[in-house]
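FYI, it's all coordinate maths here, none of it is from the lab. Note that the structure is predicted; figures quoted are calculated from it, not measured. Cβ: placed from backbone, ideal geometry, glycine included. Neighbour counts: every protein chain shown.
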Protein chains: 2
Amino acid sequence: MSWRKEQRRAERGYHHGNLKEALLQAALGLIAEKGAAGFTFADAARMAGVSAAAPYRHFRDRDELLSSIAQRGFEQFEARLTSAWDDGRPDTVTAFERVGKAYLAFARDEPAFYNAMFESGLPVDANPALQAASERAFNIIRAAAERLAALAPPGTPRPPAMMMALHIWSMAHGVASLFSRGDAARRKLPMSPDELLEAEVLIYLRGLGFPTDRRPQKKSAEPPPVPPEASSGSGVPPGGPWGKPK
Amino acid sequence: MSWRKEQRRAERGYHHGNLKEALLQAALGLIAEKGAAGFTFADAARMAGVSAAAPYRHFRDRDELLSSIAQRGFEQFEARLTSAWDDGRPDTVTAFERVGKAYLAFARDEPAFYNAMFESGLPVDANPALQAASERAFNIIRAAAERLAALAPPGTPRPPAMMMALHIWSMAHGVASLFSRGDAARRKLPMSPDELLEAEVLIYLRGLGFPTDRRPQKKSAEPPPVPPEASSGSGVPPGGPWGKPK
DNA sequence: AGCTCATGTGAACGACTTTTACATGAGCCG
DNA sequence: CGGCTCATGTAAAAGTCGTTCACATGAGCT
């Protein structure tokens, strides 16, 4: 039954017209199904209804397709983090945690992108555009950390924002990689990955001396009035950041 | 020049004698070089001086070889964590951090194992033995967290040990994955991965109310004498957990 | 109408995975 | 010691991929 290919071609003519995009979409689907390792250039071509050689008109090789996807992934990632951060509204801590949740949500909702970005084993510094995209995404976390660091309670040494950003990133990435994806999520947890990360971040922030019982701060002037309980020990949410056993 | 194979065979006879082990070693080397994705069954066979079909006498397929390596990796991992934990000597917090360092050290010293264990994309629950080995390794962290939780300062709600273990694991894994390996380590950091993780854990523990200025505790009876500054805010090490900018 | 160049095709090469039928020889049994 | 057997190895073959090359097609410009 090789009339299928003829059929396809009859429908769309000799030239595909939008092969590059079609290949990206096909690859995305395949990676979601079988992982970046299992994804095959030939399969993507087949799925787009073209010969195995056609993709080479649009990508130097399989790796370039993969890294294109990773790049696109970082762009969407950045967009989602940006939107989650929402410039620190309604208050910095709340927004900060929303960023953490967005990280997990992305890993969950876009397994193909996440896979290509973090688990495909392709060298980040191979493609400068890829590296730049990754950099921009991280800068969201960094900017958020910067704002948070500026809020550090007086009396304690101010934590380096870069360090905070790296810490938060590692937490989110660790939770996402270990517990929030595919089969690794099979490990039975006492709480959801989201809750796990939220508690982790809250405890961490408390360790830095931040008040972690979130209450809407005045959105007009954020830095100025640091709540009085900032440097005291009373900022503990009832029941601790891990909440009550439900 | 195909006399090489004949040569090899002349040296060792028709039967290899220890092929399984030789294949595991060869694979380990190849994975270290080119990653689990780039590693090839045929290459391992070649390296062991046997035909491409020979490995199938010892492993059902490529994946089984990979998962054997992962399993062996988890065993060594467990051994190193156990030794680092050293049953909580000289004091729980110190030992706990040593475990974190051991995690990073393993990722650094045994990239092939680490790769097979965490980055090869093979389903953890495929092989029950693999799953068990992974479980045992995690249990070290869990046991350590248990001991640490028991030390929680009075007056604050006691954190669930399981949660702590998962948090620590995710931190260590996040730092290792993002910053402590191969090319991803290319990202220029303000501090070493070890320091990064140490600071992260210290801040986290402080967030839980633990005293984090380590001083040798009496090794005889550990739980009893919680230092007085446990629940106050004065447990901040000079300069904070991130130390002084050197 | 005709040219040109981007885009797609088919065939071919070498490498890899896996299966199959056959070869070898180590260890046991009489 | 002679012979049997079975674990272990080999060669060959089929099927898949990645990748390249010479060639085909037709969209868009002149």
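Quick rundown of the values:
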quantity	calculated
Hull volume in cubic angstrom per residue (convex hull over the Cα atoms of segment B:69-230)	111 Å³
Residue-by-residue Karplus 3J(HN,Hα) for segment A:108-116, coefficients 6.51, -1.76, 1.60, Hz, glycine and proline x	7, 7, 10, x, 5, 4, 4, 4, 5
Links that overshoot a 32 Å alpha carbon limit, given the list A:Lys188/B:Lys20; A:Lys20/B:Lys188; A:Lys34/B:Lys20; B:Lys20/B:Lys188; B:Lys34/B:Lys188	A:Lys188/B:Lys20; A:Lys20/B:Lys188; B:Lys20/B:Lys188
Sequence of A:Tyr56, A:Tyr114 once ranked by neighbouring C-beta atoms within 10 Å, starting from the fewest	A:Tyr56, A:Tyr114
Amide H contacts of B:Leu208 (H built 1.01 Å from N, under 5 Å, at least 5 apart or other chain)	none
Order of B:Lys20, B:Lys188 under a 10 Å beta carbon neighbour criterion, fewest first	B:Lys188, B:Lys20
Per-residue ³J(HN,Hα) for segment B:60-67, Karplus 6.51 cos²θ - 1.76 cosθ + 1.60, θ = phi - 60°, Hz, x for Gly and Pro	4, 7, 4, 4, 5, 4, 4, 6
Whole-Å distance, taken between Cα centres, linking segment B:143-194 and segment B:52-82	27 Å
